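Encoded as structure tokens, the structure appears first; notes follow it.
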Amino acid sequence: MLRRLPRPSFRVWLFLLLVALGGLIAWLDPWQAPAPGPVPTDEAGEPDYYLEQAQLTRFDASGRAHQRLESPRLVHTPHDDVTRAVTPLAHLIDREGRLWIANATEGRLGPSGNPLTLTGEARLLAPEERWQLDTDILHFDSNVGHAWSDTPALLQQPPQRMRGERFDAWIHDNRARLTDNVRGHHPRKGPSRGRPPKPST
């Protein structure tokens, strides 16, 4: 005569359900973030943190946002208190609320977040004035709103363009200057006849 096996208790069913659910979650793994990249190394030493897809916002003494930096990867090294950024995009806001945009291949925020140094195809845009500056290394001191470059720079405000060995801009005053061996191209207004004008020196 066959005997019936006792039915599993509620606790057994609950245990089996939890095991199955845990296995399903482990298989699907919907909350696992992409694996982080390798820990960056730098001549300044081991970083204490790094951020991916980062947005940093700086505020002035009155609590107004005046600088925002976006980068797919930020690395901070405690030895020199420097933050390094890959392909940074900076939004700079002057005291009048005008927006200035800067970007480059690499960026570096000095101790306490100032100054910002952009290197490698650095560009500064003034959308309201419709001009842009291209240079290799661009510095920006957010405390005084001064942007400058000691490397050859090209300043364009179509259809005009000018080159110089040094560039300075004071964003709060909406003022820019090219100095040292300045050369420019200023097309004539209206239809031109004959040869195009030579760049001024």
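When only residues in region 55-93 that are in contact with a strand residue (DSSP E or B) (Cβ under 7 Å, 6 or more places away or on another chain) and acidic (Asp, Glu) count, which is nearest to residue 137 (Cα to Cα)?
70
Taken together, 34, 47 contain a single residue that is loosely packed, with under 15 Cβ neighbours inside 10 Å and either outside any strand (DSSP E or B) or at pLDDT 90 or above (or both), which is 34. Within region 95-112, the set of residues being surrounded by fewer than 16 Cβ atoms within 10 Å (Cβ to Cβ) and either closer than 15 Å to residue 68 by Cβ or modelled with pLDDT of 90 or more (or both) comprises 97, 98, 99, 101, 105, 110, 111. Within region 85-100, the set of residues being in contact (Cβ under 8 Å) with a residue 40 or more places away in the chain and part of a loop (DSSP other than H, G, I, E, B) comprises 94, 95, 96, 98.
Kindly evaluate residue 151 against the criterion of being open to solvent by less than 40 Å² (accessible area, probe 1.4 Å), part of a loop (DSSP other than H, G, I, E, B), modelled with pLDDT of 90 or more and not basic (Lys, Arg). If you could, list the steps in order and put the result at the bottom.
Values: open to solvent by less than 40 Å² (accessible area, probe 1.4 Å): yes; part of a loop (DSSP other than H, G, I, E, B): yes; modelled with pLDDT of 90 or more: yes; not basic (Lys, Arg): yes.
When the stated conditions are applied, residue 151 passes them.
Among all residues of region 110-123, there is none that is more than 17 Å from residue 171 (Cβ to Cβ), among the hydrophobic types (A, V, I, L, M, F, W, C), in contact (Cβ under 8 Å) with a residue 24 or more places away in the chain and in contact with a Pro (Cβ under 7 Å, 6 or more places away or on another chain). Checked against the criteria, residue 144 counts as surrounded by fewer than 17 Cβ atoms within 10 Å (Cβ to Cβ), of a type outside the set (Lys, Arg) and over 14 Å from the mean Cα position of the chain (by Cα). Applying the set (1) surrounded by 16 or more Cβ atoms within 10 Å (Cβ to Cβ); (2) of a type in the set (Ser, Thr, Tyr); (3) under 14 Å from the mean Cα position of the chain (by Cα) to residue 135 leaves exactly one unmet item: (3).
Among the criteria (1) modelled with pLDDT of 95 or more; (2) more than 22 Å from residue 54 (Cα to Cα); (3) open to solvent by 40 Å² or more (accessible area, probe 1.4 Å), the one residue 193 does not fulfil is (1). Of the residues making up region 59-78, those that are of a type outside the set (Phe, Trp, Tyr) and either without any contact (Cβ under 8 Å) to a residue 12 or more places away in the chain or loosely packed, with under 13 Cβ neighbours inside 10 Å (or both) are 60, 61, 62, 63, 64, 65, 78. Against the conditions (1) open to solvent by less than 30 Å² (accessible area, probe 1.4 Å); (2) of a type in the set (Gly, Ala, Ser); (3) at pLDDT below 90, residue 85 satisfies every one except (3). Residues in region 154-172 that are at pLDDT 90 or above and open to solvent by 90 Å² or more (accessible area, probe 1.4 Å): 163 only.
For region 127-148, how many residues meet the condition of being modelled with pLDDT under 90 and of a type in the set (Asp, Glu)? Counting residues in region 127-148 that are modelled with pLDDT under 90 and of a type in the set (Asp, Glu) gives 2.
The values are calculated or read from the model by the stated rules, or taken from the named source; none is laboratory data. Remember, it's a predicted structure, so these values are computed and weren't measured experimentally. So basically every Cβ, Gly included, is an ideal-geometry build from the backbone, and we count neighbours across all protein chains shown. Each accessible area value is taken on the protein alone, full model and side chains, heavy atoms only, with ligands, DNA and RNA left out. Shrake-Rupley method; radii C 1.70, N 1.55, O 1.52, S 1.80 Å.
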